[in-house]
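**Student:** Quick one: this structure, given as structure tokens, is what I'll be asking you about.
What follows draws every value from the coordinates through simple rules; no lab data is involved. This is a predicted model, so every value here is computed, not measured. Counting neighbours? That spans all protein chains shown, and the Cβs are built from the backbone with ideal geometry, glycine included.
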Amino acid sequence: MLSYSVIDAAREEMAKDFRLLPDHYFADKNSRTFRFNNIQRLYSRRPQTNSANEIRDNLAALLDQPTLSFYAGVPWCEQICHFCDLAFGVTTKNDRDKRQRYLETLEMELELLKKHGAAGKVVKSIYFGGGTPTVLDDDQFAFLLRSIINGIKPSPGSSITCEAAPSSLTSEKIAIMQDAGVTRLSSGLQTIDDSIRSAQHQLLSGQEAMRAIEASLGKFDVVNTDLIYGFPNETLDSWARTVNEVSSMGIPSITLYRLEVRDRTANLRRFEKDSERFPEEFDSRLRYYIAKNILSDKGYVESPLGWWIKAESTKPSWELHKQIWRNVTPYIGIGQGAWSQGPSFYYINSKLTKEWEEMVRTGEFPVKSYTRLREKDAFIFQFIRELRTYGGINLEVSKDTATQLGLGNQVDKFVQQQCDWGLLSEESQGFSLTAAGKALVHWIIDDFIDACA
């Protein structure tokens, strides 16, 4: 069977790449401790404020930036998957009035930000997420896209992304997104293994979900689907089959995520009861190698790390999306529980619907906690983004900055250790991630934060 030869080849390749790792390397590394967005580990080390005056002053400085990106969140799904901690509830047809009030409040929050300095900025990226935006009725979905895009007035050629669930990705929703100017569609497939989909409380069979995504191909600059590896009871063969069949659809972009066991999820209860059903980190890295080899053979390139895109499908909007991510353009989130970040800040909106709505409707920023980062944090943030986006670091530039910030020794020791373990290799102008380093980049970033924060 094809998948077995792929698995054997991946196992041999990984063993060779990981040969310099110390025996203890994978200790305490698992789905509970893994974080894709591990910059949040840095935020957790800094003091937070919930003072309305401090929040107002900090936001005023933030909104004075010439370039911004925006996120608009819809908090609901049709049902909550067991791995997800991002949705705040489910919605039904009887919730139409509640949804409309939310959408109108979302528009009011944008106007509040514009009133305090967000108007007239250069905006090259808008992201609609959740939850699931496509869970809305067609007219409400059109209202969401139209009100936010027209309210922001993004620059020509901007990247506009909308998330969709396969179960609510209809031909009508696709047409609405096209009319609104969406350039990138991202849909969470996760797996085509029906036993896993059922256990994780996902709607549709794997084949039904694939057909829904396939109907969107060719309608946007980039169509992306997310796949997750490391589910409980997942076999290597099941994972290889998922990657092989999904990549055979001709989808331009595939993002790979290692399963995270997060707070406020059904998987956490399962992990606490029987963690052995969740693949160990070493075996999860093997899943990464399996996917890497399948995708590479089919013409996909990894850029940034974890995000795979067909080389011939690299559109200008995707390059812009990647550039904005790498340059740490300040990112403003609007909506219940939305978070915002930049090289000097991180803040979270109220996660309570009524509180968020009341604050916005009374002209108050709905921010519940604000973390102001230090100067050296901006360096750490940029270093991490360089590593993730380009797979390397310009040591001349990084070392000068690190020395000025009093981090020169920490960076030297970090780089030396990663080289000794075979995760970084020296290049003419700096250091690049090796094949092993790319597979372990999230853990490398954790080590860097520990070394410098």
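**Student:** Net charge around A10, counting only other residues with Cβ within less than 10 Å of its Cβ (Lys, Arg = +1; Asp, Glu = -1)?
**Tutor:** Working: positive: R11, R285, R287, K292; negative: D8, E12, E13.
Overall, the nearby charge balance is +1.
**Student:** Can you tell me the length gained on complete extension of the stretch T33 to K298, counting 0.36 nm per residue apart and subtracting the Cα distance? Provide the component values of the computation, followed by the final result.
**Tutor:** On the way: separation 265, 0.36 × 265 = 95.40 nm, distance 3.17 nm.
So the extension gain works out to 92.2 nm.
**Student:** Right, here's the next one. When the Cα centres of segment 400-419 and segment 1-47 are compared, how far apart do they sit, in Å?
**Tutor:** Segment 400-419 and segment 1-47 have Cα centres spaced 23 Å from each other.
**Student:** In nm, to one decimal, how far is the modelled label at Q404 from the one at L203, with both set 7 Å along Cα→Cβ?
**Tutor:** Label-label distance for Q404 and L203, simple model: 5.1 nm.
**Student:** Next question, about the same structure. What lysines could a cross-link reach from K376, if we take a straight Cα to Cα line under 16 Å and drop same-chain neighbours fewer than 8 places away?
**Tutor:** Cross-link targets: K399.
**Student:** If you take the beta carbon distance between E78 and S432 as r and set R0 to 56 Å, what does 1/(1 + (r/R0)^6) give as a FRET efficiency, to the nearest 0.05? The partial results should precede the final answer.
**Tutor:** On the way: r = 43 Å, r/R0 = 0.77.
Approximately 0.85, to the nearest 0.05.
**Student:** Something else now. Which lysines, on any chain, are close to K354 with Cα under 16 Å apart, when same-chain ones fewer than 8 places away are left out?
**Tutor:** By straight Cα distance, K354 reaches K98, K368.
**Student:** Would you mind computing, in nm to one decimal, how far apart the modelled labels at E12 and E358 are, each placed 7 Å from Cα along Cα→Cβ?
**Tutor:** Simple spin-label model gives 6.5 nm for this pair.
**Student:** To continue, here is another question. Straight distance only, please: which lysines reach the Cα of K219 with their own Cα at less than 29 Å, same-chain residues fewer than 8 apart left out?
**Tutor:** K93, K121, K124, K153, K173, K292, K298, K310, K315, K322
**Student:** Within 11 Å, Cβ to Cβ, of E109, how many net charges do the neighbouring residues add up to if Lys/Arg are +1 and Asp/Glu are -1?
**Tutor:** Working: positive: K114, K115, R361; negative: E104, E107, E111, E357, E364.
So the surrounding residues net to -2.
**Student:** Can you give the net charge of the other residues whose Cβ lies under 10 Å from the Cβ of Q140, counting K and R as +1 and D and E as -1? Write out the running numbers ahead of the final one.
**Tutor:** On the way: positive: R96, R99; negative: D137, D138, D139.
Neighbour charge sum, excluding Q140 itself: -1.
**Student:** Given that just one value was derived from the coordinates, which of (1) 21.0; (2) 24.0; (3) 27.3 is mean projected area of the Cα convex hull in nm²?
**Tutor:** It is the one labelled (1).
**Student:** Using a Förster distance of 25 angstrom, determine the FRET efficiency expected from the C-beta separation of Q417 and Q40, and round it to 0.05. Provide the component values of the computation, followed by the final result.
**Tutor:** Working: r = 23 Å, r/R0 = 0.93.
E(calc), rounded to 0.05, equals 0.60.
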